[in-house]
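Read the structure below first, then the notes.
The values are calculated or read from the model by the stated rules, or taken from the named source; none is laboratory data. The model shown is predicted, which means the values in this text are computed figures rather than measured ones. Heads up, the Cβs are rebuilt from the backbone with ideal geometry, glycines too, and the neighbour counts pull from every protein chain shown.
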Amino acid sequence: MTDVTITGGPSLPQERKLVTSIPGPKSQELLARKNAAVASGVGVALPVFTVAAGGGVMIDADGNSLIDLGSGIAVTGVGNSAPAVVDAVKKQVEQFTHTCFTVTPYDGYVEVAEKLNAITPGDHEKRSALFNTGAEAVENAIKIARHYTKKNAVVVFDHAYHGRTNLTMGMTAKNMPYKDGFGPFAPEIYRVPTSYPFRDGLSGAEAAKVALTQIEKQVGVANLAAIIIEPIQGEGGFIAPAEGFLPALQEWATRNGVVFILDEVQTGFARTGDLFAANHEGVVPDLMTLAKGIAGGLPLSAVTGRAEIMDSAHAGGLGGTYTGNPIACAAALATIETYETENLTERAREIGAIIEEFFAELQKDDDRIGEIRGRGAMMAVEFVESGSKAPNAALTGAIAKYAGEQGVVLLTCGTYGNVVRFLPPLSISDELLRDGLQVVADAITAAA
């Protein structure tokens, strides 16, 4: 254990401050221990070891204060160690830590289900089931859809990311690092083109026609249990589809008796400037998969959807030892309340406007910034070779490396490895956000 003792939460000084190089000597020592003890397949993006976090900063083992522009991949939307979450977790730990809901249930699980049924899109009767991870939620949504329709085929999209289990690896598009050498994968998964306006130039209706024609001709409606799509693709590059694409998919699925699933694992819970990304175009899915921002950093996920579909699985068909853990449920209730009481959907829109304006100004003089896209506090910049749309993965990697060395936690993504994504906690201050963005701008200049 590190000998650095720092109080966490939003009380931490909200500043970027480096007292050593990155990574510092204590982080390097811990990294050596990690390499000796942890499987090498568990990689790290930035080799600094966190001892405290809150607001918009992370403190490492050497006492460096870094700006957090990743939120643990969109998990700590309410900020790390948010006071309401900490209080709820402490109270629940003192009562009990586990019983297994499918053995002896407890009210926290029921309260979370009730809340999700109330706040997710649509006024139809709903049911929810809780799990641990986003991939687990996706896998169970597919189980439920197949059980309900008595069909097997599932359609996914180019650039999709749905998880790392065997089934969800088969649904994920990108080979490295997620799939390479881990097959064979589950059958009856079919991939079709998505809407990628920057690269395909199609309207939402045109892109939907391409995808739906391929589904009809190559999969067959009679075989299709479900269509699943991220309303903004995450690992694939923060690809926001053209307007009209998602509604067209939903309408076709409803008309043909196909379960329409929105994977809101990364987009959900205020991240895009609305509580759910589906709300931007009034899309009402049959099922939704939820995780990441749901519980302030504790592991919890959910499938929420139409009662008749959710109730189709037999008793005992859904569940697991840790699913809907009482501590995570307590954290989720406090987290959702924090989104609502602190108006964090509006804060996400403010953050998105700052990021978009900042890079739009840079783009005027640098054509390597191919596109600025996203919604709310889920923004991205796609980098290209000057004078073309050829992906520029080398520049993207150099930017992330420079940012890390200067004390900014920055994530990349994209099928082509050429996208920098911005997922700051919604608790970040404008001043801290702008400091982090300036470091990214300096990195772009340094890589000229």
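How many of the residues making up the range 302-353 are in a helix (DSSP H, G or I), touching a residue at least 40 places away in the same chain (Cβ under 8 Å), surrounded by fewer than 19 Cβ atoms within 10 Å (Cβ to Cβ) and β-branched (Val, Ile, Thr)?
Number of matching residues: 0.
Output the residue which, of all residues in the range 149-168 that are of a type in the set (Ser, Thr, Tyr) and in a loop (DSSP other than H, G, I, E, B), is surrounded by the most Cβ atoms within 10 Å (Cβ to Cβ).
Tyr161
Out of Gly163, Gly170, Gly108, report the one residue that is small (Gly, Ala, Ser), in contact with a Cys (Cβ under 6 Å, 6 or more places away or on another chain) and outside the structural domain of Gly55 (by TED's automatic domain parsing).
Values: Gly163 fails: in contact with a Cys (Cβ under 6 Å, 6 or more places away or on another chain); Gly170 fails: in contact with a Cys (Cβ under 6 Å, 6 or more places away or on another chain).
Testing whether each residue is small (Gly, Ala, Ser), in contact with a Cys (Cβ under 6 Å, 6 or more places away or on another chain) and outside the structural domain of Gly55 (by TED's automatic domain parsing) leaves just Gly108.
Applying the selection to the range 281-301, what residues are over 14 Å from Thr120 (Cβ atoms) and in a helix (DSSP H, G or I)?
Scanning the range 281-301 gives a single hit, Lys292.
Might you check whether a residue that is under 13 Å from Ala208 (Cβ atoms) and in contact with a strand residue (DSSP E or B) (Cβ under 7 Å, 6 or more places away or on another chain) occurs anywhere in the range 262-277?
Scanning the range 262-277, I find no residue that is under 13 Å from Ala208 (Cβ atoms) and in contact with a strand residue (DSSP E or B) (Cβ under 7 Å, 6 or more places away or on another chain), so the answer is no.
Kindly establish whether Ala278 is within 27 Å of Thr149 (Cα to Cα), at pLDDT 95 or above and of a type in the set (Gly, Ala, Ser).
Details: within 27 Å of Thr149 (Cα to Cα): yes; at pLDDT 95 or above: yes; of a type in the set (Gly, Ala, Ser): yes.
Yes, satisfied.
Within the range 127-173, can you find the residues that are within 21 Å of Val258 (Cβ to Cβ) and of a type in the set (Phe, Trp, Tyr)?
Within the range 127-173, Tyr148, Phe157 qualify.
Quick check on the range 102-121: of everything there that is within 26 Å of the chain's Cα centre (by Cα) and assigned to a loop (DSSP other than H, G, I, E, B), which residue is surrounded by the fewest Cβ atoms within 10 Å (Cβ to Cβ)? Quick ask: steps written out before the conclusion?
If we filter the range 102-121 for residues that are within 26 Å of the chain's Cα centre (by Cα), which is where we start, we get 108-121.
Now narrow it down to the ones that are assigned to a loop (DSSP other than H, G, I, E, B): 120-121.
Numbers: Thr120: 24, Pro121: 20.
Checked the range 102-121; the qualifying residue surrounded by the fewest Cβ atoms within 10 Å (Cβ to Cβ) is Pro121.
Before we move on, is Ile354 of a type in the set (A, V, I, L, M) and closer than 21 Å to Gln233 by Cβ?
Numbers: of a type in the set (A, V, I, L, M): yes; closer than 21 Å to Gln233 by Cβ: no.
No; evaluated as a whole, the condition is false for this residue.
Does the range 129-137 include one or more residues that are assigned to a loop (DSSP other than H, G, I, E, B), in contact with a Cys (Cβ under 9 Å, 6 or more places away or on another chain) and modelled with pLDDT of 95 or more?
No, the range 129-137 contains no residue that is assigned to a loop (DSSP other than H, G, I, E, B), in contact with a Cys (Cβ under 9 Å, 6 or more places away or on another chain) and modelled with pLDDT of 95 or more.
Give me a count of the residues in the range 261-296 that are over 19 Å from Gly374 (Cβ atoms) and either outside the structural domain of Ala153 (by TED's automatic domain parsing) or touching a Lys or Arg at 6+ places or on another chain (Cβ under 6 Å) (or both).
Matching residues across the range 261-296 total 1.
Condition check ((1) of a type outside the set (Val, Ile, Thr); (2) outside the structural domain of Lys389 (by TED's automatic domain parsing)) across all residues:
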residue: Thr323; (1), (2): no, yes
residue: Pro326; (1), (2): yes, yes
residue: Ala331; (1), (2): yes, yes
residue: Glu350; (1), (2): yes, no
residue: Ile354; (1), (2): no, no
residue: Lys364; (1), (2): yes, no
residue: Gly374; (1), (2): yes, no
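Would you please list the contacts, defined by Cβ atoms under 8 Å and residues six or more apart or on different chains, that run from a residue in the range 169-192 that is in contact (Cβ under 8 Å) with a residue 40 or more places away in the chain to a residue that is part of a loop (DSSP other than H, G, I, E, B) and among the aliphatic types (A, V, I, L, M)?
Met171/Ala160; Thr172/Ala160; Ala173/Ala160
Pairs please, first residue from the range 99-126 and farther than 21 Å from His314 by Cα, second anywhere and of a type in the set (Lys, Arg) and surrounded by 15 or more Cβ atoms within 10 Å (Cβ to Cβ), Cβ atoms under 6 Å, 6+ apart in sequence or on different chains.
Short answer, once both residue conditions are applied: His124/Arg306.
What number of residues within the range 185-218 are aliphatic (A, V, I, L, M) and part of a strand (DSSP E or B)?
2
Quick one: is Ile215 in contact (Cβ under 8 Å) with a residue 60 or more places away in the chain, in contact with a Phe, Trp or Tyr (Cβ under 7 Å, 6 or more places away or on another chain) and buried (at least 18 other Cβ atoms within 10 Å of the Cβ)?
The answer is no for Ile215.
In the range 322-343, what residues are charged (D, E, K, R) and either touching a Ser or Thr at 6+ places or on another chain (Cβ under 9 Å) or more than 18 Å from Leu275 (Cα to Cα) (or both)?
Glu342
Please go through the range 378-399 and pick out each residue that is in contact with a strand residue (DSSP E or B) (Cβ under 7 Å, 6 or more places away or on another chain) and touching a residue at least 60 places away in the same chain (Cβ under 8 Å).
Met379, Ala380, Glu382, Lys389
Looking at Ala45, is it assigned by TED's automatic domain parsing to the domain that holds Gly407, small (Gly, Ala, Ser) and within 20 Å of Met378 (Cα to Cα)?
The answer is yes for Ala45.
Would you please name the residue that is surrounded by the fewest Cβ atoms within 10 Å (Cβ to Cβ), looking only at residues in the range 219-277 that are part of a helix (DSSP H, G or I) and in contact with a Pro (Cβ under 8 Å, 6 or more places away or on another chain)?
Ranking the candidates gives Gln250 first.
Going through the range 362-420 one residue at a time, which ones are surrounded by fewer than 17 Cβ atoms within 10 Å (Cβ to Cβ) and among the hydrophobic types (A, V, I, L, M, F, W, C)? Please lay out each step first, then the result.
Here is the first cut: in the range 362-420, the ones surrounded by fewer than 17 Cβ atoms within 10 Å (Cβ to Cβ) are 363-367, 385-390, 393-394, 397-398, 401, 405.
Listed by number, the residues that qualify are Ala390, Ala393, Ala394, Ala398.
Checking Met176 against (1) surrounded by fewer than 16 Cβ atoms within 10 Å (Cβ to Cβ); (2) aliphatic (A, V, I, L, M); (3) closer than 15 Å to Phe260 by Cα, only one condition comes out false. Which one?
Against the list (1) surrounded by fewer than 16 Cβ atoms within 10 Å (Cβ to Cβ); (2) aliphatic (A, V, I, L, M); (3) closer than 15 Å to Phe260 by Cα, Met176 comes up short only on (3).
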